[in-house]
1. May I ask for log10 I(q)/I(0) of the chain at q = 0.13, 0.18 Å⁻¹, from a Debye sum over the Cα atoms as equal point scatterers with solvent left out?
2. Would you mind computing, in nm to one decimal, how far apart the modelled labels at E107 and R143 are, each placed 7 Å from Cα along Cα→Cβ?
3. Given the options I115, I37, I15, state which has the largest fluctuation in a GNM of the chain using a 10 Å cut-off (strictly under) for Cα springs.
4. Exactly which GluC sites (Glu not before Pro) in the range 26-78 are in a DSSP loop and have at most 11 other Cβ atoms within 10 Å?
Amino acid sequence: MRRFPFLYPLLSRFIGLFAARFTVGVTGVIFNERGEILLLEHVFRGRHPWGLPGGWVGRHERPQDALRRELMEEVGLSVRVGPPLLVDLGDLPGHLETAFLCQVEGEVGPLSNEILAARWVPPERLPEGLKPLEREMVDRALRLRQCWCGDAPPPNGG
């Protein structure tokens, strides 16, 4: 490439034809001051209507920023995004799911048309119908929260 730098853009495009492509989702495990977790009843989730908040990451958008945006759009909520909990293949083919530990910074506001209800739930009273990947996210969040000193989440880049 040093001898023929003009080939790099061509090589990049060629590799792009065969490289894996993923959609990216983002999920937040959000705790309030009482240690409860925010669950949302989603309109578009048939078998598992109750779940953690999140959404799709847009093109050129950081996952942390996408999570903040989704929460503001869906439930009018501001959060402090903490460290990542999980990056794994999601339920959909070609979908990568990311999850973050979060701390609430405001109150739930008006719900969007995508959300039927919002509620804070103690971790020991999570509904049975929670998706297995979301349950894993919560388990990881609970373990990581035990390491926190004080009320503020550990620094991460969010």
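1. -0.62, -1.07
2. 3.7 nm
3. I15
4. Here the sparse-neighbourhood loop sites are E33.
Every number here is computed from the coordinates shown, using simple stated rules; none is lab data. This is a predicted model, so every value here is computed, not measured. A quick note on method: Cβ atoms are made from the backbone with ideal geometry, for glycine too, and the neighbour counts reach across all protein chains shown.
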